[in-house]
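Colleague: Please see the structure below; I have some questions.
Just so it is clear, none of the values below were taken in a lab; they were calculated from the coordinates. It should be emphasised that the depicted structure is a prediction, and the values quoted were computed from it without experimental measurement. Virtual Cβ from ideal backbone geometry, glycine too; neighbours counted across all protein chains shown.
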Amino acid sequence: MQTSLNGDMNAAVLYGREDLKIERIPIPELAPDEILVRVKVALTCGTDLKVWRQGYHAKMIVPPAVFGHELSGVVEAVGSEVGNRLKMGSWVVPANSAPCNRCVFCRKGQSNLCTSLLFNNGAYAEYIRIPGRIVRENTLEIPEHVHFRDAAMVEPLACILRGIEETGIHSGDTTVVVGCGPIGLKFIRILSGRGVRVIALGKRKSQIRTAERMGAYAAFDVSEMDSPVSAVRQLSEGGHGTDSVIEAVGIPQTWEWAVQMVRRGGTVNLFGGCPRGSHVQFDPSVLHYSEITIRSTFHHTPEFIRKALQAVASGEISASDFVNGEIPLNELPRFFQRMKHRNGELKMAVIP
């Protein structure tokens, strides 16, 4: 059992707003209950783009800090108290958080809202230290037939699967997905594959083509429409609206659209978080007399991390549909500059 590695590694360190540097830093030392993972694939994502643009995340990362949270890799060193479940050479996908399992929210089955939810960043590096709680609660072995690139999707996919379950979407339903970035496209792929009639709304021709390829029944470029709400309602049964709406953009206008698109008795999931201080207007009489349910799905739980790995292992979803290519670690700062002007449409596999 190897408990540490000596030497330095390459890593992407976030110093502040749009200030990301590739540096040589020491390989992390391990506590007895921790493991060291050699990163095989780290994926870029919209959340990392937001953190890079604002320079921090109050819960996830305080600069200066090694950046990134979607990854898969190989166990390189194991602390003395880890036990036999994970060994050197194991292929693993560690989640980016783990709950305490003791607080009031954990006891009520809402571990994503844990009062001491432990986050971990550092995927954009050659090695990442996995804290003991995440080792115990949220680090899974990757089946031999699953590629590292596919396994690295587990964290965002867990959020999506939880969103689908929270919204109560079933085969035969009609659902709108607002937003055709990587998250919206994953919703479209999973839902269409499960027999849901998906109407997709994006704002680029390339997004619309991809949404159709993911299985969308209909896809619209909202930049060319006078009334996206009317277009959606015309495609719904009797013009009443759709059974549910997944809002995966996170701006007030699309939140308002979502409530206007759903049928009476339907459910809206405000999956995309609006910036702090935003103001959204809803007609309270519509919510009340139409019995519209509004939900917001934040983050994932250990249950859905496991469901996400099962979905990947079964072939229900593949990274090849969402990852545009791969780049070495030293190109990451330039790539974020490109993402800044593409609204998170691009997703790359970073190979440290």
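Colleague: Normalised radius of gyration for the chain, please: alpha carbon Rg relative to 2.2 N^0.38 Å, two decimal places.
Modeller: 1.01
Colleague: Sticking with this one: Which shape class applies to the stretch 281-352: rounded if a/c is under 1.5, otherwise prolate when a/b exceeds b/c and oblate if not, where a ≥ b ≥ c are the square roots of the Cα gyration tensor eigenvalues?
Modeller: oblate
Colleague: Now, a different point. Among 52-60, 309-317, how do they line up from the highest to the lowest mean number of other beta-carbon atoms within 10 Å?
Modeller: The most tightly packed comes first, giving 309-317, 52-60.
Colleague: Provide the FRET efficiency to the nearest 0.05 for the ASN6-SER116 pair, computing r from the beta carbons and using R0 = 25 Å.
Modeller: Rounded to the nearest 0.05, the efficiency is 0.20.
Colleague: Now, a different point. Once phi is turned into ³J(HN,Hα) by the Karplus curve 6.51 cos²θ - 1.76 cosθ + 1.60 with θ = phi - 60°, what whole-Hz value does each residue of the stretch 128-144 show in order, with x for glycine and proline?
Modeller: So the J values, rounded to whole Hz, are 9, 8, 9, x, x, 4, 6, 4, 6, 9, 8, 10, 10, 6, 8, x, 4.
Colleague: Let me ask something else. Please compute, over every Cα-Cα pair in the stretch 158-295, the percentage with a separation greater than 26 angstrom.
Modeller: Counting pairs separated by more than 26 Å, the tail of P(r) holds 13 percent.
Colleague: Please compute the modelled spin-label separation between SER227 and THR293, points set 7 Å along Cα→Cβ, answer in nm with one decimal.
Modeller: 2.9
Colleague: Hey, another quick one. Suppose R0 equals 25 Å. What FRET efficiency, 1/(1 + (r/R0)^6) with r the Cβ-Cβ distance, do GLU256 and GLN54 give to the nearest 0.05?
Modeller: It comes out at approximately 0.55.
Colleague: Would you grab the residues whose amide H sits under 5 Å from the one on LEU118? Only those 5+ places off in sequence or on another chain, please, with H modelled 1.01 Å from N.
Modeller: The list, which skips near neighbours in sequence, is ALA98.
Colleague: How large is the Kirkwood hydrodynamic radius of the stretch 63-114, in angstrom, based on all distinct alpha carbon pairs?
Modeller: The Cα-based Kirkwood calculation yields 13.7 Å.
Colleague: Continuing with the same structure: Which order do the peptides 297-304, 254-261 come out in when sorted by mean C-beta neighbours inside 10 angstrom, highest first?
Modeller: 254-261, 297-304
Colleague: What residue among GLU224, GLU166, GLU23 has the largest mean-square fluctuation in a Gaussian network model of the chain, using Cα springs under 10 Å?
Modeller: Residue with maximal mean-square fluctuation among GLU224, GLU166, GLU23: GLU224.
Colleague: Next question, about the same structure. Tell me what the chain gives for mean residue ellipticity at 222 nm when only DSSP H runs of n ≥ 4 count, each as -39,500 (n - 2.57), the sum divided by the residue total, rounded to 500 deg cm²/dmol.
Modeller: So the helix-based figure for the chain works out to -8000 deg cm²/dmol.
Colleague: Shape call for the stretch 248-302 from the C-alpha gyration tensor, a ≥ b ≥ c root eigenvalues: rounded (a/c under 1.5), prolate (a/b greater than b/c) or oblate?
Modeller: oblate
Colleague: When only C-alpha pairs under 8 Å and at least 6 residues apart count, what is the relative contact order of the stretch 163-208, in percent?
Modeller: Relative contact order, the stretch 163-208: 43 percent.
Colleague: Another question about this same structure. If you only keep lysine pairs separated by 8 or more in sequence, or across chains, how many in the chain come under 21 Å at the Cα atoms?
Modeller: For the chain, qualifying lysine pairs total 21.
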